[in-house]
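Enquirer: Just passing along the structure, written as structure tokens.
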Amino acid sequence: MKVLNNIIFPAVWFSKKRLRQATRHKTILITGATFGIGEALAKLLANASVTLVLVARTSQKLAELQTELSASGATIILVALDLTDKVAVADWLANFDIPIDILVNNAGKSIRRPLYQSLDRLHDFERTMALNYFAPVQLFLHFAPQVEQRQGQLITVSAVNVLLPPAPYWAAYQASKSALDQWWRSAAPELNARGITTTSIYLPLVRTRMIAPTKIYDKVPAMSPQRAARIIAKTMYTQAYQYRPWWLPFGQWFGFLFGRLWHWINVKLLKLKLKKIKHSK
Ligand SMILES: NC(=O)c1ccc[n+]([C@@H]2O[C@H](COP(=O)([O-])OP(=O)(O)OC[C@H]3O[C@@H](n4cnc5c(N)ncnc54)[C@H](OP(=O)(O)O)[C@@H]3O)[C@@H](O)[C@H]2O)c1
């Protein structure tokens, strides 16, 4: 598994010196900084010359991070906030007067649930859209002018799924991530024309609490959150337009050439599953 992991997720060559230079005296806002990829990124960026604005709901975890990261000299500003609460976010934004250089939209929620277990759960679709789509749009709209003034960077943490043929059970998550991806790709030229760097990080599976409920993922290769954090941080000095794993184009070609076959295989597998369920009743 380790060898396979290293082939699928090769080590990220990374210059700490260049990162320090690129982020010196910068203010970096990270959403979803309390766990997983966001937490790993905050730890990677923390040094004496940066200010980190950490946004998430779990106050206790934010406080722990502040203690830990302040020790490395970073200035830490905590924002305990539910990003799906549009009014609370608007109130915070109205009173928050620290200019941001780099915004990392990372907070996210995933749901894997069959459609027929979701018939009375419209809220699943509303909640994923609220956090994965409307919340980042609200932040980008607010911060774009000041990021422009500082010729800074907007980064969004996306998923490879939005560029690959869709998979069953993921309708809520994939639709919300795809919505933001479309928004992003449409808005990026306008933002770039104003001198704002935009970076989209298309991540594969990452071993965080987000994927923990999906038991099948225990047995498949996944990137570590620390590696994902290095990928994101590296774009702060490369100013890359996007990150995609090296193998993604193969998946995209497969989707282009065999999209109907993929659909057909999924239907067959789901029919077999339904049959099994009917027989077991
Ligand atoms: N894990 C993967 O396989 C994978 C793959 C591709 C892309 N991604 C993307 O990577 C990003 C980070 O995911 P992760 O795997 O690190 O997940 P995670 O470990 O579950 O962390 C999610 C972060 O988002 C915060 N968050 C959740 N709901 C929030 C809300 N309503 N308001 C404010 N903050 C909220 C959480 O903090 P609180 O609970 O404290 O609020 C936490 O810090 C997501 O955008 C995800 O879609 C993940």
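The values are calculated or read from the model by the stated rules, or taken from the named source; none is laboratory data. Computed from a predicted model, the values in this text were never measured in an experiment. A quick note on method: Cβ atoms are made from the backbone with ideal geometry, for glycine too, and the neighbour counts reach across all protein chains shown. SASA here: full protein model, heavy atoms, side chains in, ligands and nucleic acids out. Shrake-Rupley method; radii C 1.70, N 1.55, O 1.52, S 1.80 Å.
Enquirer: In the stretch 135-145, what count of residues is obtained for those that are open to solvent by 30 Å² or more (accessible area, probe 1.4 Å) and closer than 16 Å to TRP92 by Cα?
Expert: Of the residues in that region, 3 qualify.
Enquirer: Quick check on the stretch 151-172: of everything there that is touching a Leu at 6+ places or on another chain (Cβ under 7 Å) and more than 12 Å from the ligand (Cβ to nearest atom), which residue is nearest to GLU39 (Cα to Cα)?
Expert: Checking each candidate, the answer is LEU154.
Enquirer: Then there's this: Looking only at the stretch 228-261, which residues are crowded, with 16+ Cβ neighbours inside 10 Å, of a type outside the set (Gly, Ala, Ser) and more than 30 Å from HIS25 (Cβ to Cβ)?
Expert: ARG244, PRO245 - these are the residues of the stretch 228-261 that are crowded, with 16+ Cβ neighbours inside 10 Å, of a type outside the set (Gly, Ala, Ser) and more than 30 Å from HIS25 (Cβ to Cβ).
Enquirer: For SER186, state whether it is open to solvent by 30 Å² or more (accessible area, probe 1.4 Å), under 29 Å from GLN138 (Cβ atoms), of a type in the set (S, T, N, Q) and over 17 Å from the mean Cα position of the chain (by Cα).
Expert: Yes; evaluated as a whole, the condition is true for this residue.
Enquirer: Just name the residue that is farthest from ILE30 (Cα to Cα) out of those in the stretch 218-227 that are assigned to a loop (DSSP other than H, G, I, E, B) and within 19 Å of the chain's Cα centre (by Cα).
Expert: Checked the stretch 218-227; the qualifying residue farthest from ILE30 (Cα to Cα) is PRO221.
Enquirer: Listed residues ARG121, ARG127, ARG150, ARG113; which is surrounded by fewer than 21 Cβ atoms within 10 Å (Cβ to Cβ) and either closer than 21 Å to MET236 by Cβ or within 12 Å of the chain's Cα centre (by Cα) (or both)?
Expert: Being surrounded by fewer than 21 Cβ atoms within 10 Å (Cβ to Cβ) and either closer than 21 Å to MET236 by Cβ or within 12 Å of the chain's Cα centre (by Cα) (or both) holds for just one of ARG121, ARG127, ARG150, ARG113, which is ARG150.
Enquirer: Within the bounds of the stretch 122-140, is there any residue that is over 19 Å from ILE28 (Cβ atoms), among the β-branched types (Val, Ile, Thr) and either outside the structural domain of ALA175 (by TED's automatic domain parsing) or within 11 Å of the ligand (Cβ to nearest atom) (or both)?
Expert: Yes: one or more hits.
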